[in-house]
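No lab work stands behind these numbers, since they all come straight from the coordinates. What you see is a predicted model, and the numbers here were worked out from it, not measured in a lab. Note that we place each Cβ from the backbone using ideal geometry, even for glycine, and neighbour counts take in every protein chain shown.
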Ligand code: AMP
Ligand code: MG
């Protein structure tokens, strides 16, 4: 496909995700594995509970001793959690027992203490209990050898607790992608620095870095490269030698004289399949791959305009990070809504329009795009509740018609 072609966004996402495999797996201590993704199925190393356990405080007895009541039994010992009673309970006998303790040999019934009168070395049972009630049988929860968690599962708090109960101190976790970030532009200065006429604060960097971290990936911020081939080449080399899996550049991604990301990365050896997307914001988007020491380094070149770069990140880079990290690659989810104003016919680029959202009396989402949609305008991205999706060549639409939106807040 020619790099001059405007590629539809869904086709571009397929190209980005084609032949992408998870970068690998590592064993991590449970404490470090929260919210990370399992790379292999987990088999239980234990049966839980490992023994028949009492679910209540009371007395372990034989059912045949409590069929006619009241009955007085000799208390021959005690079983508490962690300290079992190691003899057999015979006819006429009872063992004092507490929640979580092993039910002793011979006993088949738990009488809760509320239904007894304790004597001196004896207990009077006033009310019986059906056999087996208040006894948690060994394996009630799960058995040794059972597969309870699967590759691809995110270790949510519940799953993490289950992995611990299965007696795994360490778990196999997909490695996190390392993402190097390079901002390009002679005009850029960092927030707080002294500015000269014509300069712009580098803002993308912060939004993109936080987005990368939200995906569970590791950020390597390589700072700002000025608009020279040497400066950019040096940063890209730094990213490659730092073992970055993905290099995210911002700015310099279109076809102006000072847009150097494509030619410089091509010189290094990156092979590009995408340069322009039929999408607004986010038309300049570069995607290339480079084989280095037997692995693939991906370069995603985002536009400089903050809204373009953040939208393109969510459409393309986030799913790439997810797939490299063993997670399901998630395309932007669109949900139905109703237009709050008229919109003109759309052109050859699909559009994501920043819009407010309100809920109508009958519970429908009403989405109203802002008048101004320039891709440099970050404040109205923050003010927006959703992005109204307009397909390529979507016909003019009236207020009240159905539309689709991506929820963003
Ligand atoms: P470019 O894609 O390099 O032509 O940049 C397009 C616009 O985005 C220009 O107005 C840049 O000044 C601006 N821009 C580029 N990089 C950044 C950045 N990191 N943060 C904020 N604005 C940027
Ligand atoms: Mg630039």
Between residue 34 and residue 75, what is the label-to-label distance in nm when each label sits 7 Å out along the Cα-to-Cβ direction?
4.2 nm
With a point put 7 Å past each Cα toward its Cβ, work out how far residue 210 is from residue 195 in nm, to one decimal.
1.9 nm
For segment 28-146, projected area of the alpha-carbon convex hull averaged over all directions, nm²:
9.2 nm²
Kindly provide the pair-distance distribution of segment 358-407 built from C-alpha pairs, with 10 Å bins from 0 and whole-percent values in order of increasing distance.
20, 53, 25, 2
Using a cut-off of under 14 Å, list every residue of segment 314-352 whose amide N is near the label point 7 Å from the Cα of residue 26 along the Cα-to-beta-carbon line.
325
222 nm mean residue ellipticity, helices alone, for the chain (DSSP H n ≥ 4; -39,500 (n - 2.57); rounded to 500)
-4500 deg cm²/dmol
Using the scaling law 2.2 N^0.38 Å as the reference, what is the normalised Cα Rg of segment 137-251?
1.65
Inter-site label distance for residue 362 and residue 255 at 7 Å from Cα along Cβ, in nm
4.7 nm
Whole-percent tail of the Cα-Cα distance distribution for the chain, cut at 41 Å, equals 41 percent
So what's the angle, to the nearest 10 degrees on a 0 to 90 scale, between helix 204-214 and the longest Cα principal axis of the chain?
20 degrees
Report the full-extension gain for the segment residue 67 to residue 382: residue separation times 0.36 nm, less the Cα-Cα distance, to one decimal in nm.
106.2 nm
For helix 229-241, what angle does its Cα long axis make with the longest principal axis of the chain, in degrees from 0 to 90 and rounded to 10?
20 degrees
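How much FRET efficiency would the formula 1/(1 + (r/R0)^6) give for residue 330 and residue 273, where r is the Cβ-Cβ distance and R0 is 30 Å, rounded to 0.05? Write out the running numbers ahead of the final one.
Values: r = 21 Å, r/R0 = 0.71.
Given R0 = 30 Å and the Cβ-Cβ separation, E is 0.90.
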In whole angstrom, note down how far apart the Cα centers of segment 260-283 and segment 113-190 are.
47 Å
